[in-house]
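The values are calculated or read from the model by the stated rules, or taken from the named source; none is laboratory data. Everything numeric in this text was worked out from a predicted model, so none of it was measured. Quick reminder, even Gly has a Cβ in these numbers, built from the backbone with ideal geometry, and neighbours come from all protein chains shown.
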Amino acid sequence: MHERHLDEAAFCFELRDAALEAPHYTLAEIEVGPERRLFNHLEALRRGGPLVAQHLLELASDPNHEIEQVAVAALGVMAAGPGVQSLLPRVREAGSADQRKGLAHALALGVDATMNSALVAELSRLLEHEPAQPTLLRALASHSGPNHALVGQLGDLLSSPNPEVVWAATQLARRGVSPTILATLAAVTQIVQQATEHPNDLRRATLECALIHSLPGAGDWVRHWAQQIEATAMRDHALTWLAQLGGPSEHTWLVWHANNTEPSRALLWALGFSGRVEAVDRCLDCLDDPALAPLAAEAICAITGLSTEDERYWLPPSDAAHDDGLPALEHDDLEADLVPDSEDALPRPDPAALRDWWARTRTQFSPELRYLAGRPLDGPGLLAALEHGSARRRSALAFELEVRSHGRAFVDTRAWCWAQRASLAAATAHAAGIDAQKGRL
């Protein structure tokens with residue numbers, strides 16, 4: 001019976017992972033849907049007793065299992081039986097990339113507040129003697145505040161020759177660090193941005209940390225990456241940062257760039273976070289392109305607050321978009337990821353209806369302001385969007401909240417929903433003083 005719960009838990013883990021970036025899910029819907037189902041199966045595994053717990057520990061220690069299976073097995077171990085002390089040594093012995101990812105997912109999530117405290121204590125004990133362990137560092141960063149056990153070693157970790165260690169160290173450095181560490185972080189950021197051999201995820205991590213702390217040169221690097229001609233992951237991230245953290249001059253450039261280049265998914269995504277009336281105007285131009293129309297409409301709704309539930313502005317789902325026919329075996333990609341992309345769930349707009357609505361509504365919006373969900377953007381508005389808005393946009397909004405609060409308001413949008421609600425409650429006091437209309441680059 002426990003094998004069935006294990007398989008179902010792995011399936012629910014994957015469902016929850018997809019829901020965290022889905023446009024048709026909110027925090028509450030994730031909580032009562034895939035997350036609750038996952039908890040139910042984990043609880044059934046916990047009740048299985050010592051024999052099941054030992055089996056889960058063996059599974060988490062096996063490098064031949066998939067990410068989801070390793071993750072739920074590790075969560076089950078933490079919840080009962082051998083516990084954290086038995087699981088953490090397996091991280092050092094992990095023999096495959098999937099095993100390391102599965103263990104990292106589980107450790108980043110933890111189980112509950114009590115277990116997470118024990119996890120932080122054990123992580124701190126292990127890392128104090130051998131700090132350069134990326135998976136354990138990532139787990140500590142997921143559960144620790146600024147006064148973690150490795151404060152004194154953070155400078156050395158940021159200067160490590162191992163990119164994975166540096167990445168994890170930047171996560172620990174996002175909140176409450178000393179001027180000495182900030183100086184090290186500034187130097188590391190410049191080196192990583194300039195060197196061609198560093199991976200994009202490390203460039204992104206160092207620059208995000210630099211933006212949170214308003215380090216000199218961070219805004220210049222955002223502009224540098226945003227203005228690149230070649231489409232890269234860093235350019236796409238930078239366009240969004242420019243939209244979120246830029247002022248009127250950056251937004252003017254962004255709209256000019258959108259008007260003078262071929263529209264792209266990354267550019268439409270960024271326009272939606274600018275909150276500007278002119279961004280809505282540009283998105284309307286893309287509504288006749290079948291491939292870009294859903295993304296353009298998503299950006300329009302994000303700025304103006306137009307509901308996707310109002311059938312007057314949306315086309316019925318296309319039968320062609322849900323063709324169940326299978327390709328010939330010789331043309332079928334058997335290794336393809338069958339989980340739908342989050343863009344596939346976006347509704348298709350009625351171009352004429354949206355243009356007519358905007359023609360009647362545009363005068364209600366000031367070109368001098370940024371808007372989110374139809375209201376001038378401010379700190380409480382960011383919190384409201386994180387609590388009630390589309391899951392697909394929450395990660396980017398959480399980053400803007402973190403930057404504009406100088407790291408004081410932090411919401412991990414991949415954490416358990418109960419943990420996210422606690423973070424949102426803690427962020428309320430910091431959000432009240434945020435001026436989201438002012439540029440931060």
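Per-structure values
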quantity	calculated
Matching option when the condition is under 21 Å from Asp341 (Cβ atoms), modelled with pLDDT of 95 or more and touching a strand residue (DSSP E or B) at 6+ places or on another chain (Cβ under 9 Å), among Ala270, Ala297	Ala297
Tally, over the range 55-74, of residues that are without any contact (Cβ under 8 Å) to a residue 60 or more places away in the chain and closer than 12 Å to Leu87 by Cβ	8
Scan of the range 363-420 for residues that are assigned to a helix (DSSP H, G or I), of a type in the set (S, T, N, Q) and surrounded by fewer than 19 Cβ atoms within 10 Å (Cβ to Cβ), ordered by number	Thr363, Gln364, Ser395
Odd one out for Leu211 among (1) in contact with a Phe, Trp or Tyr (Cβ under 8 Å, 6 or more places away or on another chain); (2) of a type outside the set (Asp, Glu); (3) more than 24 Å from Asp378 (Cβ to Cβ)	(3)
Scan of the range 20-55 for residues that are modelled with pLDDT of 95 or more, of a type in the set (A, V, I, L, M) and crowded, with 19+ Cβ neighbours inside 10 Å, ordered by number	Leu20, Ala22, Leu27, Ile30, Leu38
Flag if Glu250 is assigned by TED's automatic domain parsing to the domain that holds Ala409, outside any helix (DSSP H, G or I) and within 30 Å of Ala299 (Cα to Cα)	no
Near pairs, Cβ below 8 angstrom, 6+ apart or cross-chain, from the range 179-204 (more than 15 Å from Met234 (Cα to Cα)) to any residue that is β-branched (Val, Ile, Thr)	Leu185/Thr170; Leu185/Val177; Leu185/Thr206; Val188/Val166; Val188/Thr206
Hey, Leu242 free of Cβ contacts under 8 Å to residues at least 40 places away in the same chain and under 24 Å from the mean Cα position of the chain (by Cα) or not	no
Criterion: in contact (Cβ under 8 Å) with a residue 24 or more places away in the chain, touching a helix residue (DSSP H, G or I) at 6+ places or on another chain (Cβ under 6 Å) and within 17 Å of Ala210 (Cα to Cα) - qualifying residue of Leu103, Leu154	Leu154
Test: residue in the range 66-79 that is modelled with pLDDT of 80 or more, touching an Asp or Glu at 6+ places or on another chain (Cβ under 7 Å) and not in a helix (DSSP H, G or I)	yes
Condition check for Pro163: of a type outside the set (Asp, Glu) and in contact with a helix residue (DSSP H, G or I) (Cβ under 9 Å, 6 or more places away or on another chain)	yes
Hits in the range 255-280 - residues which are within 18 Å of Ala436 (Cβ to Cβ), assigned to a helix (DSSP H, G or I) and either touching a helix residue (DSSP H, G or I) at 6+ places or on another chain (Cβ under 6 Å) or not assigned by TED's automatic domain parsing to the domain that holds Ala231 (or both)	Ala270, Leu271, Gly272, Phe273, Ser274, Glu278, Ala279, Val280
Every residue from the range 95-116 that is buried (at least 20 other Cβ atoms within 10 Å of the Cβ) and outside any helix (DSSP H, G or I)	Gly110, Val111
The range 161-198, residues that are in contact with a Pro (Cβ under 6 Å, 6 or more places away or on another chain) and either crowded, with 23+ Cβ neighbours inside 10 Å or not in a helix (DSSP H, G or I) (or both)	Ala168, Arg175, Gly176
